[in-house]
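The structure appears below as structure tokens.
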Amino acid sequence: MNTEYIFKSERLGFRDWNASDYEPFAAINCDPDVMEFFPKQLSLEESIAMIERMQNAYDDLGYTFFAVDLLDNNEFIGFIGIIKATFEAFFTPCFEIGWRLKKSAWNKGFATEGAKACLQYGFNNLNMDVIHSITAVTNKKSEHLMTKIGMTKIGTFDHPKLSNNDPLKPHVVYKVSK
């Protein structure tokens, strides 16, 4: 398979989304471990709609949560990338880096490697000056990853898209500058 990558890291290829990602992405989005710190698991239809939003963002802006493949075998493992966060908070609007990988790709350094590559792409190719990341205060694994990629905690906030009684509403926010 000859895949066209937007950029690469040592072991990962970052690309736009395609229809062959629908079912594997839906499988990631319905894994209760992967979705532990999200409001709900996503159906196939919701996953396809999310892919379409990410494709539109890439077409419009030149960046998105990119589909990520392992370069050695072209296996799709999830997404890592940057979006424009526009919900209301003390640090928005901003560029937000995020990741979601299937469980079999955990604890292999892929998220760290990919997030560092996305930061470089954002700073060097897209001329971004500051990139943020957010997660629920209970998601210590993502918060640890934020520190591993050089980000600094700048505060906490209640995510405005979550209901007041949602245990995931309290979030942390990190940032890193160019």
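Would you call Phe76 in contact (Cβ under 8 Å) with a residue 60 or more places away in the chain, crowded, with 19+ Cβ neighbours inside 10 Å and aromatic (Phe, Trp, Tyr)? Break it down stepwise before answering.
Values: in contact (Cβ under 8 Å) with a residue 60 or more places away in the chain: no; crowded, with 19+ Cβ neighbours inside 10 Å: yes; aromatic (Phe, Trp, Tyr): yes.
Considered against the rule, which asks whether it is in contact (Cβ under 8 Å) with a residue 60 or more places away in the chain, crowded, with 19+ Cβ neighbours inside 10 Å and aromatic (Phe, Trp, Tyr), Phe76 comes out as no.
Residue by residue through region 91-116, note down the ones that are part of a loop (DSSP other than H, G, I, E, B), more than 20 Å from Phe38 (Cα to Cα) and either of a type in the set (Gly, Ala, Ser) or touching a Gly at 6+ places or on another chain (Cβ under 7 Å) (or both).
Scanning region 91-116 gives a single hit, Gly109.
Regarding Phe87, is this residue under 22 Å from Met146 (Cα atoms) and touching a Pro at 6+ places or on another chain (Cβ under 7 Å)?
Details: under 22 Å from Met146 (Cα atoms): yes; touching a Pro at 6+ places or on another chain (Cβ under 7 Å): yes.
Yes: the conditions hold for Phe87.
Name the residues in region 134-178 that are of a type in the set (Lys, Arg) and closer than 19 Å to Lys116 by Cα, would you?
Lys140, Lys141, Lys148, Lys153, Lys175, Lys178, listed by residue number.
Quick one: in region 16-31, which of the residues that are closer than 21 Å to Tyr5 by Cα and touching a helix residue (DSSP H, G or I) at 6+ places or on another chain (Cβ under 9 Å) is surrounded by the most Cβ atoms within 10 Å (Cβ to Cβ)?
In the first step, residues of region 16-31 are kept if they are closer than 21 Å to Tyr5 by Cα; the result is 16-25.
Going one step further and asking which of them are touching a helix residue (DSSP H, G or I) at 6+ places or on another chain (Cβ under 9 Å), we end up with 16-19, 21-23, 25.
Working: Asp16: 16, Trp17: 22, Asn18: 12, Ala19: 8, Asp21: 22, Tyr22: 16, Glu23: 12, Phe25: 24.
Of everything passing the filter in region 16-31, Phe25 is surrounded by the most Cβ atoms within 10 Å (Cβ to Cβ).
Ile48: assigned to a helix (DSSP H, G or I), under 26 Å from Ser163 (Cβ atoms) and β-branched (Val, Ile, Thr), yes or no?
Answer is yes for this residue.
Could you list, in sequence order, all residues of region 123-147 that are assigned to a helix (DSSP H, G or I) and either farther than 20 Å from Val34 by Cα or of a type in the set (S, T, N, Q) (or both)?
Going residue by residue through region 123-147, those that are assigned to a helix (DSSP H, G or I) are 123-125, 140-147.
Matches in region 123-147: Phe123, Asn124, Asn125, Ser142, Thr147.
So, in region 92-129, of the ones that are surrounded by fewer than 16 Cβ atoms within 10 Å (Cβ to Cβ) and of a type in the set (A, V, I, L, M, F, W, C), which residue ends up farthest from Arg11 (Cα to Cα)?
Taking the candidates together, the pick is Leu126.
For every residue, the table says whether it meets (1) surrounded by 19 or more Cβ atoms within 10 Å (Cβ to Cβ); (2) among the hydroxyl-bearing types (Ser, Thr, Tyr); (3) in contact (Cβ under 8 Å) with a residue 40 or more places away in the chain.
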{"site": "Thr138", "(1), (2), (3)": "no, yes, yes"}
{"site": "Lys141", "(1), (2), (3)": "no, no, no"}
{"site": "Met146", "(1), (2), (3)": "yes, no, no"}
{"site": "Met151", "(1), (2), (3)": "yes, no, no"}
{"site": "Gly155", "(1), (2), (3)": "no, no, yes"}
{"site": "Asp158", "(1), (2), (3)": "no, no, no"}
{"site": "His171", "(1), (2), (3)": "yes, no, no"}
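What do you reckon, is Gly81 touching a residue at least 60 places away in the same chain (Cβ under 8 Å), within 16 Å of the chain's Cα centre (by Cα) and closer than 21 Å to Gln55 by Cβ? Talk me through it step by step, then tell me what you get.
Numbers: touching a residue at least 60 places away in the same chain (Cβ under 8 Å): yes; within 16 Å of the chain's Cα centre (by Cα): yes; closer than 21 Å to Gln55 by Cβ: yes.
Answer is yes for this residue.
Read the figures in this text as sums done on the coordinates, not as results from a lab. The model shown is predicted, which means the values in this text are computed figures rather than measured ones. Glycine also receives a Cβ, built like all others from the backbone with ideal geometry; neighbour counts cover every protein chain displayed.
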